[in-house]
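Let me begin by presenting the structure, written as structure tokens, before commenting on it.
The values are calculated or read from the model by the stated rules, or taken from the named source; none is laboratory data. Nothing here was measured: the structure is a model prediction, and the numbers come from that model. Backbone-built Cβ (ideal geometry, glycine too); neighbour counts: all protein chains shown. These area figures cover heavy atoms from the full protein model, side chains too; ligands, DNA and RNA do not enter into them. Shrake-Rupley method; radii C 1.70, N 1.55, O 1.52, S 1.80 Å.
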Amino acid sequence: MSDFDARAAGWDADPQKVDRARRVAAALVARVPGLAARRVLDYGAGTGLLGFALRPHVAEVTLADSSAGMLEELRRKIAASGLGGLTPLRLDLATDPAPPDRFDLICSLMTLHHVPDTAGLLRAFRGLLAPGGLVGLADLDAEDGSFHGPGVEVHRGFDRAALGAQLAAAGFRAVHFETAFEILREGEAGARRYPVFLVTAAA
């Protein structure tokens with residue numbers, strides 16, 4: 001996670017990242033009923049862009065990440081904001097025991113493609129949800145590897161049907177996909193857009 005540690009201080013300086021988080025939060029607000037009473041886990045929260053955008057609409061947000069640099073920046077932002085109901089948590093569900101709390105909504109933004117065992121993570125999310133809980137996961141549609149470039153070991157986005165099947169196998173139902181954002185990247189061949197989906201599913 002050293003790359004994320006090093007990038008944490010300047011993460012929020014990218015207006016496209018800020019806009020992406022706001023757009024995904026807006027899509028979640030439009031899609032998920034009863035948000036005002038929901039306890040949220042933002043997994044892979046980074047500097048908390050998604051969690052902060054959701055905070056006015058939900059009861060409380062736990063912001064989990066495994067990067068020390070991201071968590072340091074997140075704690076600074078929470079202190080500077082003066083907001084309540086925002087709790088940072090060091091957590092990697094691939095290696096750490098699950099926390100004792102249960103959540104009404106688990107969300108993530110651009111986290112899934114960094115997790116080698118997607119199916120395992122979805123099962124872990126299912127176990128952390130309270131009865132009637134939901135997930136709202138935003139990530140890249142399947143792409144050719146150009147988003148990160150050569151030598152970066154991540155998923156090349158996700159086929160929606162395949163990810164939907166993984167969600168069903170993990171015990172989720174009412175799986176719904178929509179396009180929430182498009183990331184614009186400049187490359188040698190010019191500008192390219194990478195769609196970002198939001199998938200919601202009920203436990």
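Numbers at a glance
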quantity	calculated
Exclusive hit being at pLDDT 95 or above and more than 18 Å from the chain's Cα centre (by Cα), set A138, A142, A161	A161
In the stretch 154-184, the residues that are small (G, A, S) and either on the phi < 0 side of the Ramachandran plot or touching a helix residue (DSSP H, G or I) at 6+ places or on another chain (Cβ under 7 Å) (or both)	G157, A161, A162, G164, A165, A168, A169, A170, G171, A180
Helices (runs of 4 or more DSSP H) enclosed by the stretch 46-145 - at least 1 residues per element that are closer than 20 Å to A202 by Cα and touching a residue at least 12 places away in the same chain (Cβ under 8 Å)	49-54, 118-128
Positions within the stretch 164-195 being polar (S, T, N, Q) and either in a strand (DSSP E or B) or surrounded by fewer than 13 Cβ atoms within 10 Å (Cβ to Cβ) (or both), in sequence order	T179
Filter result for the condition that a residue is small (G, A, S) and either closer than 30 Å to A174 by Cβ or open to solvent by less than 20 Å² (accessible area, probe 1.4 Å) (or both), over A80, A68, A59	A59
Selection within the stretch 146-189 - touching a residue at least 60 places away in the same chain (Cβ under 8 Å) and either farther than 12 Å from V199 by Cβ or in contact with a Cys (Cβ under 8 Å, 6 or more places away or on another chain) (or both)	F181, I183, L184
